[in-house]
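Colleague: First the structure, then my questions, so here it is.
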Amino acid sequence: MRIITTESYDELSMAAASIVAGQIYLKPASVLGLTTGSTPEGMYGKLVAVHKAIGLDFSKVTTFNLDAYLGLGADDPQSYHHFMQKHFFDYVNVKPENIHIPDGLAKDVTGECRAYDAAIRAAGGIDLQLLGIGRNAHIGFNEPDVKFEAATHKVRLDDETIQANARFFEDETAVPRYAISMGIKTIMLARRVVLLASGWEKADAVKRAVLGSVSPATPASILQLHQDATIIADSAAASLLPEKFQHGEHEI
Ligand code: F6R
């Protein structure tokens, strides 16, 4: 596992965007696993800027989002479809037919999950999976005590996640209780994984993910076993790591 600690959120966003841009330059037909939430907003902004400035070409890229709330359609302003359009897809040239986000209105949720994993396989697997991290160390919506061997599946959000995500809704009661999420297995099958963590409230989760034992109680800890996992943390999110990891780049 590699850890990159940046001085600021802006630097974190730039570091993440550079990895994505590098991936696309090296392999224009890359398959990207994408994440939503506050943390990647800066990265998407930088990628849009690079696309506009020097024409970073997404026309051959295929994308699979990590997760989607159940009960929200693509047009719902709180849906992850909407998030992705607003922060990224509206400004770059990813072809609409190459964009995949689980259908939050699927009638047959199990079938939707199976079809999602099959579509990832048919695309050749994920080259680069981007992740955020929850305060409880969730990745995707794989909450503590998730089964590591799960593929894409229906999940119930933890109370802590519902509280954390209430800021995007009118109030806590409006936050959907269920979602479809790539499972830990789906994430671990990606050839490369980059997790972004920003802010003090993520510091404990980062510490447990990086230095704690690998356990379903800390879903992100599984990345210690991934062959090519990088954590990019800003100084606040890295603040509970040993001093030597609080600046620059390190292999752990
Ligand atoms: C989002 C996702 C979640 C978030 C995590 C952090 O698609 O799967 O795991 O990455 O909850 O969210 P923020 O960045 O809003 O703190």
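The values are calculated or read from the model by the stated rules, or taken from the named source; none is laboratory data. In this text the structure is predicted, and so the values were computed from the model without any measurement. Neighbour counts run over all protein chains shown; Cβ positions are idealised from the backbone, glycine included. Ligands, DNA and RNA are stripped out before the accessible areas are found, and what is left, the full protein with its side chains, is counted by its heavy atoms. Shrake-Rupley method; radii C 1.70, N 1.55, O 1.52, S 1.80 Å.
Colleague: What translational diffusion coefficient, to the nearest whole µm²/s, does region 10-154 have by Stokes-Einstein, given a Kirkwood radius computed over alpha-carbon pairs, a temperature of 37 °C and 0.692 mPa s viscosity?
Modeller: Translational diffusion coefficient: 208 µm²/s.
Colleague: While we're on this one: Within region 2-251, what percent of beta bridges assigned by DSSP are antiparallel, to the nearest 5?
Modeller: So the antiparallel bridges in region 2-251 amount to around 35 percent.
Colleague: Quote the accessible area belonging to H247 in square angstrom, nearest 10, computed with a 1.4 Å probe and with ligands, DNA and RNA left uncounted.
Modeller: Roll a 1.4 Å probe over it and H247 shows about 100 Å².
Colleague: Quick one: 3J(HN,Hα) in Hz for region 84-96, Karplus 6.51/-1.76/1.60 with θ = phi - 60°, rounded, Gly and Pro as x.
Modeller: Working through the residues one at a time gives 5, 5, 5, 9, 9, 4, 5, 10, 10, 9, 6, 6, x Hz.
Colleague: With a cut-off of 8 Å between alpha carbons and a minimum separation of six or more residues, what is the relative contact order of the chain in percent?
Modeller: Answer for the chain is 27 percent.
Colleague: Any chance you could look up the accessible area of D103 with a 1.4 Å probe, heavy atoms only, rounded to 10 Å²?
Modeller: 60
Colleague: At a probe radius of 1.4 Å, what is the per-residue accessible area of R192, in Å² to the nearest 10?
Modeller: It works out to around 60 Å².
Colleague: For region 107-252, take every pair of Cα atoms, bin their distances at 5 Å starting from 0, and report each bin as a whole percent.
Modeller: Taking every Cα pair in region 107-252, the percentages come to 2, 10, 18, 21, 20, 15, 9, 4, 1, 0, 0.
Colleague: Run the reach check for K60 against lysines, Cα to Cα strictly under 21 Å, same-chain hits fewer than 8 apart removed. What comes back?
Modeller: Straight-line reach from K60, under 21 Å: K27, K46, K52, K86, K95.
Colleague: For every other residue with a beta carbon closer than 12 angstrom to the beta carbon of A68, add +1 if it is Lys or Arg and -1 if Asp or Glu, then tell me the sum.
Modeller: Charge balance in the 12 Å sphere: -3.
Colleague: Among the GluC sites (Glu not before Pro) within region 159-252, which fall in a DSSP loop and have no more than 13 other Cβ atoms within 10 Å of their own Cβ?
Modeller: Hits after loop and neighbour filter: E170.
Colleague: Once phi is turned into ³J(HN,Hα) by the Karplus curve 6.51 cos²θ - 1.76 cosθ + 1.60 with θ = phi - 60°, what whole-Hz value does each residue of region 140-154 show in order, with x for glycine and proline?
Modeller: x, 10, 7, 7, x, 6, 5, 7, 4, 8, 6, 8, 4, 7, 7
Colleague: Working with all protein chains in place, sort M14, M84 by solvent-accessible area computed with a 1.4 Å probe, largest first.
Modeller: Putting M14, M84 in descending order of accessible area: M14, M84.
Colleague: Give the cross-link partners of K154 among the aspartates and glutamates, using a straight C-alpha distance below 17 Å as the criterion and excluding same-chain residues fewer than 8 apart.
Modeller: The reachable aspartates and glutamates, counting only those whose Cα sits under 17 Å from K154, are D67, D103, D108, E112, D117, E143, D145.
Colleague: Would you mind getting the accessible area per residue of the chain, heavy atoms of the protein chains only, 1.4 Å probe, in Å²?
Modeller: 43
Colleague: Let me ask another. Using the Cα atoms of the chain, I'd like the radius of gyration and the largest Cα-Cα distance, Dmax, both in angstrom.
Modeller: In order Rg, Dmax, the Cα atoms of the chain give 16.8, 50 Å.
Colleague: May I ask for the equivalent-ellipsoid semi-axes of region 115-175, computed as the square root of five times each C-alpha gyration tensor eigenvalue and listed largest first in whole Å?
Modeller: Over the Cα atoms of region 115-175, the ellipsoid semi-axes are 26, 13, 12 Å.
Colleague: Let me ask something additional. Please list, by residue number, everything in region 12-30 whose backbone N is under 19 Å from a paramagnetic label point 7 Å out along Cα→Cβ of D228.
Modeller: Of the residues in region 12-30, 15-30 have backbone N under 19 Å from the label point off D228.
Colleague: Mind jotting down the distance between the C-alpha centroids of region 116-161 and region 1-44, whole Å?
Modeller: Answer, in whole Å: 18.
Colleague: Over region 83-233, what percent of the accessible surface lies on carbon and sulfur atoms, probe 1.4 Å?
Modeller: 49
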